[in-house]
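Enquirer: Sharing a structure with you now.
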Amino acid sequence: MPSPTAKANLYMKMALRLARKGLGRTSPNPMVGAVVVRKGRVVGQGFHQKAGGPHAEPMAIAQAGKEAKGATLYVNLEPCNHFGRTPPCTQAIIESGIKKVVFGLADPNPVVKGGGADRLQSQGIKVVRGVLEEDCRRLNEVYIKWITTGLPFVILKAAVSLDGRIATRTGDSKWISNERSRLRVHHLRNRVDGVVVGIRTVITDDPLLTVRLPRGKIKDPLRIVLDPQLRISLKARILEGPAKTLIVSGTKVRDQKRQKLEKKGVEILSLPARGGQISIKELLTDLGRRGITSLLVEGGAEVYGSFLKERLVDKLIIFIAPCLIGGRKAVGMIGGAGITRMTEAIRLKEMSVKPWSGDILVEAYPET
């Protein structure tokens, strides 16, 4: 017979798999999966599908029906105990007759923190915490960053040659990475709330920055352009289509150009531009207030440099292609002045390296 710990891990992994089904669709809420188990048998399952929709726990309880009485509920995040768009999950659990709740991660939301577990215990329900806690934390790293700081979780994505270039000396970058790598980028866009590029990238590459996948449901992120002087062409492709576009300019721009862009349905956000560069911290603060919980930074080098200089990157996803570009004037991955001493270098942790159809996919987190 499996040990109690092994059984708890098994059902928590099941809850995590269910939670992942909501990837990219629950923002600004967390991803949550729930499993109801009675006498060693799964009698109910559920996951949070989208913000405003039913939570995972009531869905699993509803599926279990009368068999929820005396059962154990496994859920990756502490059940909520407050009214939001939906009633508190603790109430559904109490009314169902569930006798035990096992969760992985205490909800970092200040409104919830500890309240869900305390409420359940006050009603005589046994509570077990911390099962596969790190796995549960990693799954909801975006939500945790946003709910605790008010800032989006920032993912820096880049495609580089083996010698660290993102473009030739003429600015050509199509294509450094292979087709599978580019498809992965579209999957990333499909999961985040916003994607940001600098005006140089818009002028050079004229990207759409939309999600283009061969199948499945898609959700275009908010397209964000850092354009301090409002240099963007009125014919730029990023202004087209149903996806929304936000242009971040400095405070001193031509009113006529601004009005023309706004007539095309584009929002202009004016922020201080020091030394010709938008304040990244002020941008992230504004996006966080809008409910943008995740942001994909797609370039170019100066934008990468600005985010990294301010230590505002939470995760890096780098595609390394088996090619050499060379040349002193070819564009390196990170712009800006750079560091003066190796002690200032950004060190990476939890790095994974895997082959990716000829490219190399590197994922890592900057050390804080």
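The values are calculated or read from the model by the stated rules, or taken from the named source; none is laboratory data. The model shown is predicted, which means the values in this text are computed figures rather than measured ones. Cβ sites come from the backbone with ideal geometry, for glycine too, and all protein chains shown count toward neighbours. Just so you know, the surface numbers come from the protein's heavy atoms only, side chains and all, with ligands and any DNA or RNA stripped out. Shrake-Rupley method; radii C 1.70, N 1.55, O 1.52, S 1.80 Å.
Enquirer: For the chain, what is the percent of antiparallel DSSP beta bridges, rounded to the nearest 5?
Expert: Antiparallel: roughly 40 percent of the beta bridges in the chain.
Enquirer: In percent, how large is the relative contact order of segment 35-144, given Cα pairs closer than 8 Å and 6 or more residues apart?
Expert: Computed value for segment 35-144: 22 percent relative contact order.
Enquirer: Name the lysines eligible as straight-distance cross-link partners of LYS235: C-alpha to C-alpha under 30 Å, and not fewer than 8 places from it in the same chain.
Expert: Hits, sequence-local ones excluded: LYS157, LYS174, LYS217, LYS219, LYS244, LYS252, LYS257, LYS260, LYS263, LYS264, LYS281, LYS329.
Enquirer: In the chain, carbon and sulfur make up what percent of the accessible area (probe 1.4 Å)? If you can, show how the numbers build up before the last one.
Expert: On the way: 9610 of 18750 Å².
On the chain, the fraction of accessible area on carbon and sulfur atoms equals 51 percent.
Enquirer: Please compute the modelled spin-label separation between LYS252 and ASP135, points set 7 Å along Cα→Cβ, answer in nm with one decimal.
Expert: The modelled label-to-label distance comes out at 5.6 nm.
Enquirer: Let me ask another. For ALA273, which sequence-distant residues (separation of 5 or more, or a different chain) have an amide H within less than 5 Å of its own amide H, given hydrogens modelled in the peptide plane?
Expert: It is THR251, by chain and number.
Enquirer: Separate question: Near LYS99, which aspartates and glutamates are there with a Cα under 12 Å away, not counting those fewer than 8 places off in the same chain?
Expert: Partners found: GLU67.
Enquirer: Place a point 7 Å from Cα of ARG212 in the direction of its Cβ. Which residues in segment 18-41 have their backbone N less than 19 Å from it?
Expert: Answer for this model: none.
Enquirer: Just how large is the dipole of segment 294-368 about the Cα centre, in debye to the nearest 20, putting +1 at every Lys and Arg Cβ and -1 at every Asp and Glu Cβ?
Expert: Roughly 260 debye, rounded to the nearest 20.
Enquirer: Could you grab the relative contact order for the chain? Cα pairs under 8 Å, six or more apart, rounded to a whole percent.
Expert: Result for the chain is 15 percent.
Enquirer: If I model a spin label at LEU23 and GLN121 as a point 7 Å from the Cα along the Cα→Cβ vector, what separation in nanometres do I get?
Expert: About 3.4 nm, to one decimal.
Enquirer: Could you identify which residue out of ARG184, ARG165, ARG341 has the top mean-square fluctuation in a GNM of the chain using Cα springs shorter than 10 Å?
Expert: For the chain, modelled as a Gaussian network with Cα springs under 10 Å, the answer is ARG341.
Enquirer: Follow-up. Accessible area per residue of segment 40-127 at 1.4 Å probe, in Å²?
Expert: Ligands and nucleic acids excluded, the figure is 46 Å² per residue.
Enquirer: Separate question: For ALA159, enumerate residues with amide H under 5 Å from its amide H, sequence gap 5+ or separate chain, H modeled in the peptide plane.
Expert: PHE319
Enquirer: From the residues ILE339, THR285, VAL202, which one has its Cα farthest along the dipole of the chain in the positive direction, the dipole being from +1 and -1 charges on Cβ of Lys/Arg and Asp/Glu about the Cα centre?
Expert: Of ILE339, THR285, VAL202, it is VAL202.
Enquirer: Whole number in Å², please: accessible area per residue of segment 283-368, 1.4 Å probe, ligands, DNA and RNA not counted.
Expert: 54 Å²
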